[in-house]
Amino acid sequence: MTEQLNPEDWAWHISAEVYRLNLYSRLTEKADQNRSSVTDEELAEAIRDSFTQMNEIAYREMVKLATEAALETYDRVVSSIVKRSRVRLRN
């Protein structure tokens, strides 16, 4: 039996991955475009290391940018789902 994925849950999942990858990349200054996820351990280590290397203002800015990227991704995914469903309804 195939389980149907809720589009909103899928959008949140993708947005969460974008947030984690974006924050990890900013904290470590490593950007791997082929990477699709980051482990909890990798992100936790990057956060711990960042506390010794940057001030609170810089850290907050990175979190803000990662959050904005995640929300933008969510909006794009939901918009795409809505557009596709409208096309299917017309056909």
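Miscellaneous remarks
- Among the criteria (1) free of Cβ contacts under 8 Å to residues at least 12 places away in the same chain; (2) under 12 Å from the mean Cα position of the chain (by Cα), the one Lys83 does not fulfil is (2).
Conditions tested, residue by residue: (1) at pLDDT below 85; (2) part of a loop (DSSP other than H, G, I, E, B); (3) touching a strand residue (DSSP E or B) at 6+ places or on another chain (Cβ under 6 Å).
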{"position": "Glu3", "(1), (2), (3)": "yes, yes, no"}
{"position": "Val18", "(1), (2), (3)": "no, no, no"}
{"position": "Gln33", "(1), (2), (3)": "yes, yes, no"}
{"position": "Arg48", "(1), (2), (3)": "no, no, no"}
{"position": "Tyr59", "(1), (2), (3)": "yes, no, no"}
{"position": "Leu65", "(1), (2), (3)": "no, no, no"}
{"position": "Glu68", "(1), (2), (3)": "no, no, no"}
{"position": "Val78", "(1), (2), (3)": "no, no, no"}
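- Filtering Leu23, Leu89 for residues that are hydrophobic (A, V, I, L, M, F, W, C), assigned to a helix (DSSP H, G or I), closer than 24 Å to Glu8 by Cα and under 12 Å from the mean Cα position of the chain (by Cα) leaves a single hit, Leu23.
- Checklist (1) of a type in the set (Ser, Thr, Tyr); (2) surrounded by 12 or more Cβ atoms within 10 Å (Cβ to Cβ); (3) closer than 30 Å to Ser85 by Cβ applied to Ser37, failing item: (2)
- Meets criteria (open to solvent by 50 Å² or more (accessible area, probe 1.4 Å), at pLDDT 90 or above, part of a helix (DSSP H, G or I) and in contact with a helix residue (DSSP H, G or I) (Cβ under 7 Å, 6 or more places away or on another chain)) for Glu42: yes
- The listed residue being within 14 Å of Glu17 (Cα to Cα) and out of contact with any Asp or Glu (no Cβ under 7 Å at 6 or more places or on another chain), out of Ala44, Ala58, Ala70: Ala70
The values are calculated or read from the model by the stated rules, or taken from the named source; none is laboratory data. Keep in mind the model is a prediction, meaning the values are calculated, not measured. Cβ sites come from the backbone with ideal geometry, for glycine too, and all protein chains shown count toward neighbours. Protein only, heavy atoms only, side chains kept; ligands, DNA and RNA dropped before computing areas. Shrake-Rupley method; radii C 1.70, N 1.55, O 1.52, S 1.80 Å.
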